[in-house]
Amino acid sequence: MKQIAFLIICAIGVLLLVAAGDFPDWGDPHSPASVYLSPHFIEKTMEETSVPNMVTAVLADYRGYDTMFETIVIFCAGITVLTVLRRTHRKKEKIARPRPSRKDADIILQAASRILVPVMQIFALYVVAHGHHSPGGGFQGGVILGASFILMAISYDLKMVLKRLKEKTVLRLSGIGVLIYVGIGAVCLLLGGNFLAYASWSTLLGITELEAHSHGMLGVEVGVAITVMAIMFSLYVDLASGGDLDEGL
Amino acid sequence: MQDLLHDVVAKYNYWAALILLLIGLYGMIAKNNLLKKVIGMSIFQSAIILFYVSIGHKKGASIPILIHGHGDVAHQAIDPTLYANPLPHVLMLTAIVVGVSTLGVALAVLQKIYRVHGTIEEDELLETIEK
């Protein structure tokens, strides 16, 4: 079996290597990927959306539909993990997992994470809110925010974190994030524009259409961040405790 | 020989992504343990992400964020060769997060399989299912 697999891999490898010879050189500014659509985004983003970070602008404005459904994919993944793993009533035949005793919890780890967690959360909020002007955005900020809760769960105890951030709250947050995204798009419809065309918000907020693009993106990014944060934490909690939510790694 | 050397030097980003991709594919085909297959899938995904991000690079270009983008400079001429291609970054940004979610689902299914069958080795699983 392994020999056959190796032969298949070699055959595919040779084919792909031959094909790689036809690709443009690395870093060629005139490669086909860089001359067709991307110059429009680079030149017109500031004019059309007043957002200097082109990645955020393309992500949340030009390709808003795509990002909306990516968020829904993440939401569905979280729900799937929950339905596959979660056990509410304990059964007698539990699978033995290595359980570290909490008596000799590491004091250095706990003290360090006590300092780190607030800094991480503030930084995550900065990454979300400043995603238009510097590297950042909803996905990145949401992951950092989720990581801060996971760090608490690792260094202290799963129960201690779940007391502060209940499972129900996490699930509600993940739904609320998706609703914020879809809601911002739906309000555009009600105001007479197209779905996710943020320019329609300008009449409601009393700002110019350019500013409406920028603010609409911010709202959408906040929704993405909330969903990503909740689902990342929910994934960790369910996977680490095998669905029992009693004790993690 | 000279051509081959030029190809290796000028296109080594594709070669690196290809080698990673083949390692991941081999892991998915040849390994018997389902967890190792999932790790192979993850390596495969990383290779694709690396490939896309390397496409977006331009020699001497900056990150795709406009310099002095805060003030009243919206109508000045912008040279596209000075900024990296933003499209691959956008595509991979979402792909990374979706990749993490699919990895989570895969691990959850593995845990469930282990809970029901007591093993995640492929041949042992086939035996227990046939019984």
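What follows is calculated from the coordinates using simple rules that are stated; it is not laboratory data. All values derive from a computational prediction rather than experimental measurement. Using ideal geometry, Cβ is built from the backbone for each residue, glycine included, and neighbour counts are taken over all protein chains shown.
Miscellaneous remarks
- Net charge of the neighbourhood of B:Thr94, taken over other residues with C-beta under 10 Å away and scored Lys/Arg +1, Asp/Glu -1, is -1.
- Gaussian network model of chain A, Cα within-10 Å springs - most flexible of A:Phe233, A:Phe23, A:Phe149: A:Phe23
- Column: log10 I(q)/I(0), Debye, Cα scatterers of the stretch A:139-229, q = 0.26 Å⁻¹: -1.19
- With a 10 Å cut-off around each Cβ of A:40-48, the average count of Cβ atoms from other chains is 5.
- Highest-MSF residue in chain A out of A:Ala112, A:Ala199, A:Ala186 [GNM, Cα springs under 10 Å]: A:Ala112
- Shielding score for A:140-147, defined as the mean number of other chain Cβ atoms within 10 Å: 1
- Structure note, pairs A:Lys166/B:Lys37; A:Lys2/B:Lys112; A:Lys2/B:Lys37; A:Lys159/B:Lys112; A:Lys2/B:Lys36; B:Lys37/B:Lys59: Cα-Cα distances above 25 angstrom occur for A:Lys166/B:Lys37; A:Lys2/B:Lys112; B:Lys37/B:Lys59.
- Longest stretch of chain A clear of exposed loop sites (trypsin sites (Lys or Arg not before Pro), DSSP loop, at most 12 other Cβ atoms within 10 Å, sites excluded): A:1-89.
- Per residue, the average separation of C-alpha pairs within less than 8 Å and at least 6 apart gives the stretch A:181-249 a relative contact order of 20 percent.
- Relative contact order (%) - chain A, alpha-carbon pairs under 8 angstrom, separation at least six: 26 percent
- Whole-number percent relative contact order across the stretch B:1-47, with pairs defined as alpha carbons under 8 Å at least 6 apart: 36 percent
- Three principal axis lengths of chain A [C-alpha, angstrom, descending]: 61, 61, 35
- Ordering A:Cys10, A:Cys188, A:Cys76 by the number of other Cβ atoms within 10 Å of each residue's own Cβ, fewest first, gives A:Cys10, A:Cys76, A:Cys188.
- By other beta-carbon atoms within 10 Å, ranking A:Leu190, A:Leu17 with the fewest at the front produces A:Leu190, A:Leu17.
- Once both labels are positioned 7 Å from their Cα atoms along Cα-to-Cβ, the gap between B:Thr119 and A:Leu15 label points is 3.4 nm.
- With Cα atoms, 0 to 90° folded angle of helix A:64-85 axis to chain A main axis: 10 degrees
- For B:Tyr83, the residues whose modelled amide H falls within less than 5 Å of its own, excluding neighbours fewer than 5 places apart on the same chain, are B:Ser62.
- Those aspartates and glutamates that a straight Cα-Cα span of less than 14 Å connects to A:Lys44, excepting residues fewer than 8 apart in one chain: A:Asp61, B:Asp79
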